[in-house]
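Trainee: Okay, here's the structure, questions in a sec.
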Amino acid sequence: MKTNRLLSIILAGTLAATAAVTASAQTLEGTFNDDKRTGNTEVKARIEAGEPGEVNYIITIPDSVDFGTLQQPETDTDSNKYIKTEVTAKKISNFSRNQFVEVHVKDSASTDDQFYITQKDSESPFKIKYDIYDKEVNDGNIGENTPLGETSPGTFGYHICSFGAGSEGQTQDMTLVLNQKAIYGQDLSKIAGDYSGTMVFHSAINTLGA
């Protein structure tokens, strides 16, 4: 799984990248009889335009997720493939106690608020549904949990998590689940090929009581 940094500075309305702090070196050389040497070191810094104490954050989201090669079940029974991924608060800066960055997710093309991968390069593409859970699930506990697609979505999709002041470094687990039962009894010669879909993540700062 790869990750993609989603950086949003809401108050400034811009996207920016953070710069690394660096230091270069030089040498001062001398001998016992001639030990006085001097050197000059330039000290540098940079101030970016923007308001001091600006509220900003960096959230990492999955860059890509791959279910690999799907297998057609021999019987009409559940055959789940699980992929665990995560959303992480890399930076939470200058948040007040009542400010949170909310993260939502939706399918880029779905018309029924579900999540799908679709057969590529086909005149009549086959579509396979998958589910997203906002926690780690497996065969042992999946029946005790509800996928996002069975909850109520908002304007920007399903709420995954919220990060507030002091939550820098915290991670929200996600699990994508594809039930290979969806291809049971299908003609493999017609549905063979590569499949893809797109999750759209949206983040925004919410100030409670504002």
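The values are calculated or read from the model by the stated rules, or taken from the named source; none is laboratory data. Please read these numbers as outputs of a predicted model, since none were measured by experiment. Don't worry about glycine lacking a Cβ; one is built from the backbone with ideal geometry, like all the others, and counts go over all protein chains shown. To get the accessible areas, we keep the full protein, side chains included, count just its heavy atoms, and leave off ligands, DNA and RNA. Shrake-Rupley method; radii C 1.70, N 1.55, O 1.52, S 1.80 Å.
Trainee: For the full complex of protein chains and a 1.4 angstrom probe, list Val101, Val200 by accessible area with the highest value first.
Mentor: Most to least solvent-accessible, the answer reads Val200, Val101.
Trainee: Using the alpha-carbon centroid of each, what span in Å lies between segment 128-184 and segment 85-117?
Mentor: Between the Cα centres of segment 128-184 and segment 85-117 lies a distance of 11 Å.
Trainee: With unit charges on the beta carbons (Lys and Arg positive, Asp and Glu negative) and the dipole taken about the Cα centre of segment 112-210, which residue among Thr118, Phe156, Gln170 sits farthest to the positive side?
Mentor: In segment 112-210, that residue is Thr118.
Trainee: State which entries of Lys84/Lys190; Lys84/Lys181; Lys120/Lys181; Lys84/Lys127 exceed 28 angstrom in Cα-Cα distance in the structure shown. Before the final figure, lay out the partial values.
Mentor: Details: Lys84/Lys190 30 Å; Lys84/Lys181 20 Å; Lys120/Lys181 20 Å; Lys84/Lys127 22 Å.
Table pairs above 28 Å Cα-Cα are Lys84/Lys190.
Trainee: Under the definition of Cα pairs under 8 Å and six or more residues apart, what whole-number percent is the relative contact order of segment 118-210? Spell out each step's value before the answer.
Mentor: On the way: 74 pairs, mean separation 36.9, N = 93.
Averaging sequence separation for qualifying contacts and normalising by length gives 40 percent for segment 118-210.
Trainee: How much solvent-accessible surface does Glu144 expose, in Å² to the nearest 10, with a 1.4 Å probe and all protein chains in place?
Mentor: For Glu144, solvent-accessible area is about 150 Å².
Trainee: State, to one decimal in nm, how far the label point of Lys190 lies from the label point of Lys127, with both points 7 Å from Cα in the Cβ direction.
Mentor: If labels sit at Lys190 and Lys127, their model points lie 1.7 nm apart.
Trainee: State the extension gain, in nm to one decimal, for the chain segment bounded by Glu168 and Thr69, taking 0.36 nm per residue of separation less the distance between their alpha-carbons.
Mentor: Difference between extended and current length: 32.0 nm.
Trainee: Answer with one residue from Ser64, Thr146, Asn179: the one whose Cα lies farthest towards the positive end of the charge dipole of segment 58-210, charges on Cβ with Lys, Arg +1 and Asp, Glu -1.
Mentor: Ser64
Trainee: Once you list every other residue whose beta carbon is under 11 Å from the beta carbon of Phe163, what net charge do they have if Lys and Arg are +1 and Asp and Glu are -1?
Mentor: Working: positive: Lys90, Lys91; negative: Glu102, Glu168.
With Lys, Arg at +1 and Asp, Glu at -1, the neighbours total 0.
Trainee: Here's another thing I want to ask about it. Would you kindly find the accessible area of Ser108, with a 1.4 Å probe and non-protein molecules such as ligands, DNA and RNA excluded, rounding to the nearest 10 Å²?
Mentor: Accessible area of Ser108: about 70 Å².
Trainee: Under a 1.4 angstrom probe, counting protein chains only, how are His159, His202 ranked by accessible area, largest first?
Mentor: Details: His159 85, His202 55 Å².
In descending accessible area the options line up as His159, His202.
Trainee: Let me cross-check Leu188: its accessible surface, 1.4 Å probe, with only protein heavy atoms counted, in Å² to the nearest 10?
Mentor: Estimated to the nearest 10 Å², Leu188 gives 90 Å².
Trainee: If you place +1 on the Cβ of every Lys and Arg, -1 on the Cβ of every Asp and Glu, and leave all else neutral, what size is the dipole of segment 62-173 about its Cα centre, to the nearest 20 Debye?
Mentor: For this selection, approximately 580 debye.
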